[in-house]
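A short write-up of the structure that comes next.
Every read-out reported here was derived from the displayed coordinates using simple, explicitly stated rules and does not represent laboratory data. A quick note: this is a predicted structure, and the numbers were derived from the prediction, not measured. Cβ sites come from the backbone with ideal geometry, for glycine too, and all protein chains shown count toward neighbours.
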Amino acid sequence: MRKNLSRRAFLASAASASAAALAACGGNTQQQPAGGDGAAELTKVSFVLDYSPNVNHTGIYVAMDQGFFAEEGIEVEVVPVPADGADALIGSGGANMGVSYQDYIANSLASANPMPYTAVAAIVQHNTSGIMSRAEDGITSAKGMEDHTYATWNMPVEQATIKQIVEADGGDFSKVKMVPYEVDDEVAGLRANMFDTVWVYEWWAVQNAKLQDYPVNYFSFADMDPVFDYYTPVIAANDDFAATNPEVVKGFLRAAKRGYEFAAQDPAAAAGILCKAVPELDPELIKIAQEFISPEYISDAKAWGDIDADRWARFYQWLDDEQLVENQIDVNAGYTLEYLA
């Protein structure tokens, strides 16, 4: 069964966590009783995903499967993302840790009441999203979006990004026709002529198009303007949980690092572990998606998880300069590397 995994779904707006979600998911750290054989106690850490399991999460599943978390004295409880988003659950303390994005964290920092959560490691080093279109339309750069439709989900940051790349490429943004994004499968949307261009994750939508033998063109945001090479996704931790349990967070990240290093070195084995843990995933799509994303976990960074201060600040400075956030934000806020070994 193939699960749709669109950029739109990833960037759905996250609101405050609902009481029902908190009740259902819990999230307090618990000591598990030792077994009768004298096994050591494990500290339970709840970890909320940003979407249904996919190759962004492979390192977590590898670390569970290979016993890396257990070696750190940790038992991970994977929590499905609630309707109002992973960020809300992490920020409220309904989950100890989870998956977020730099742009989501910006929304929180710019609000009147920022949520108490912080990025503690980068899952992928570079922004792997961009614009996909039908190959037959010949749209190979942002200027080519003129006189074509673009599927929008009507977010200010999203549309400002499109405007920036089109104009930087010498195009006229007013000639890009905005149409509502009404599907989650980008390839199906292109096939049905529902739109001509769409914002996607290359590791998923472009690989899905290849799997379906559907010719597409793609160009990435990071290649067009360094300001858009922000961190997406990241691992975030609830601030109270991290302050109270710093060694647990450090242990979690040590195990996760080993899991992502494993996935970077052996994509095929890692894809197999993910599919074994989540049997409903499409193994063919996971295999090619994993092959694409595995090199991106570390890429040109010194080590998995690193966050470059200048690159983080550059994106936030752009948000401030373009007045795309409710309140000006500290460009150096929202992340810490103090828990990353």
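Spatial offset of the stretch 106-160 relative to the stretch 268-336 amounts to 13 Å, using the alpha carbon center of each. What's the angle, to the nearest 10 degrees (0 to 90), between helix 283-293's Cα axis and the longest principal axis of the chain? Around 80 degrees separate the two axes.
Roughly how big is the chain's charge dipole about its Cα centre, with Cβ charges of +1 (Lys, Arg) and -1 (Asp, Glu), in debye to the nearest 20? Present the calculation step by step, with values, prior to reporting the outcome.
Values: 21 positive and 49 negative charges, 96 e Å.
Once rounded to the nearest 20, the dipole reads 460 debye.
Pairs exceeding 23 Å between alpha-carbon atoms, taken from Lys44/Lys302; Lys44/Lys287; Lys276/Lys302; Lys257/Lys302: Lys44/Lys302; Lys44/Lys287; Lys276/Lys302. Phi angles of the stretch 311-319 translate, via the Karplus equation with coefficients 6.51, -1.76, 1.60 and θ = phi - 60°, into HN-Hα couplings of 5, 4, 5, 4, 5, 5, 5, 5, 4 Hz per residue; Gly and Pro are given as x.
Working ranking of peptides 245-256, 186-197 by packing, defined as the average number of other Cβ atoms within 10 Å per residue, highest first, is 245-256, 186-197.
Can you give me the angle between helix 246-265 and the longest principal axis of the chain, using Cα atoms only, in degrees from 0 to 90, rounded to the nearest 10? In the chain, helix 246-265 runs at an angle near 60 degrees to the longest axis.
Phi-derived couplings, Karplus 6.51 cos²θ - 1.76 cosθ + 1.60 at θ = phi - 60°, listed residue by residue for the stretch 193-200: 6, 6, 7, 9, 9, 7, 7, 9 Hz, with x used for Gly and Pro.
This model, with +1 at the C-beta of Lys and Arg and -1 at the C-beta of Asp and Glu, gives the stretch 129-228 a dipole about its Cα centre of some 40 debye.
Counting DSSP beta bridges in the chain, what percent are antiparallel, to the nearest 5? Present the calculation step by step, with values, prior to reporting the outcome.
Details: 22 of 36 bridges.
Percent antiparallel among DSSP bridges in the chain is about 60.
Relative contact order (percent) for the chain, with alpha-carbon contacts under 8 angstrom and 6 or more residues of separation?
27 percent
The phi-based Karplus calculation (6.51 cos²θ - 1.76 cosθ + 1.60; θ = phi - 60°) puts the 3J(HN,Hα) values of the stretch 218-224 at 8, 9, 9, 5, 4, 6, 7 Hz, whole numbers, x for Gly and Pro.
Is the shape of the stretch 213-341 rounded, prolate or oblate, going by the alpha carbon gyration tensor and its root eigenvalues a ≥ b ≥ c, with a/c under 1.5 for rounded and a/b larger than b/c for prolate?
Judged from the Cα gyration tensor, the stretch 213-341 comes out oblate (a/c at least 1.5, b/c at or above a/b).
Across the stretch 129-228, Cα pairs under 8 Å and at least six residues apart give a relative contact order of 46 percent. Proximity of backbone amide H atoms, modeled 1.01 Å from N, is registered between Tyr335 and Ala119 at under 5 Å, excluding neighbours fewer than 5 places apart on the same chain. Farthest toward the positive end of the dipole of the chain, out of Ser92, Ile162, Val55, is the Cα of Val55, where the dipole comes from beta carbon charges about the Cα centre.
Looking at the stretch 129-228, send over the antiparallel percent of its DSSP beta bridges, to the nearest 5. Mind dumping the intermediate values first?
Working: 10 of 15 bridges.
Here the share of antiparallel DSSP bridges comes out near 65 percent.
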